[in-house]
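Single-structure report; data block below.
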Amino acid sequence: MSDTRLLIDIEVLEFLRTLRPREQTDLLKRFRDIAAFPSNYSDFFEYDSVGRRVDVHVFGRFAVKFWNDFADRHLKILEAHLADRS
């Protein structure tokens with residue numbers, strides 16, 4: 001089991017509240033999976049405004065942005081939203 005702490009942005013939690021219970025459960029489980037093995041869930045990455053690598057994982061109809069703060073042993077879920085299918 002990972003000793004990484006999972007931190008979820010409050011806006012992500014508010015987004016989860018708008019979803020069906022099954023989707024909420026599935027996403028929360030996926031967040032835990034990402035925290036355990038972040039590199040397994042990086043579909044692509046981008047850089048934030050200060051130059052940090054932010055990984056993006058597409059999960060069903062959702063996109064999840066996360067930052068593996070390796071030094072502090074934190075996995076931070078920064079954003080979750082409907083994936084852009086266009």
Flagged pairs (Cβ under 7 angstrom, 6 or more apart or on separate chains; first in region 17-39, touching a residue at least 12 places away in the same chain (Cβ under 8 Å) and under 18 Å from N68 (Cβ atoms); second among the polar types (S, T, N, Q) and in a loop (DSSP other than H, G, I, E, B)) are A35/S2; A35/T4; A36/S2
I8 at pLDDT 95 or above and in contact with a helix residue (DSSP H, G or I) (Cβ under 6 Å, 6 or more places away or on another chain): no
Checking T25 against (1) touching an Asp or Glu at 6+ places or on another chain (Cβ under 8 Å); (2) modelled with pLDDT of 95 or more; (3) open to solvent by 70 Å² or more (accessible area, probe 1.4 Å): exactly one of these is not met. Which one? (1)
Region 28-57, residues that are among the hydroxyl-bearing types (S, T, Y), closer than 19 Å to R73 by Cα and surrounded by fewer than 12 Cβ atoms within 10 Å (Cβ to Cβ): S39
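The values are calculated or read from the model by the stated rules, or taken from the named source; none is laboratory data. Since this is a predicted model, take the numbers as computed values, not measurements. Here the Cβ is made from the backbone with ideal geometry for all residues, glycine too, and neighbour counts use every protein chain on show. Just the protein is used for accessible areas: all its heavy atoms, side chains included, with ligands, DNA and RNA removed. Shrake-Rupley method; radii C 1.70, N 1.55, O 1.52, S 1.80 Å.
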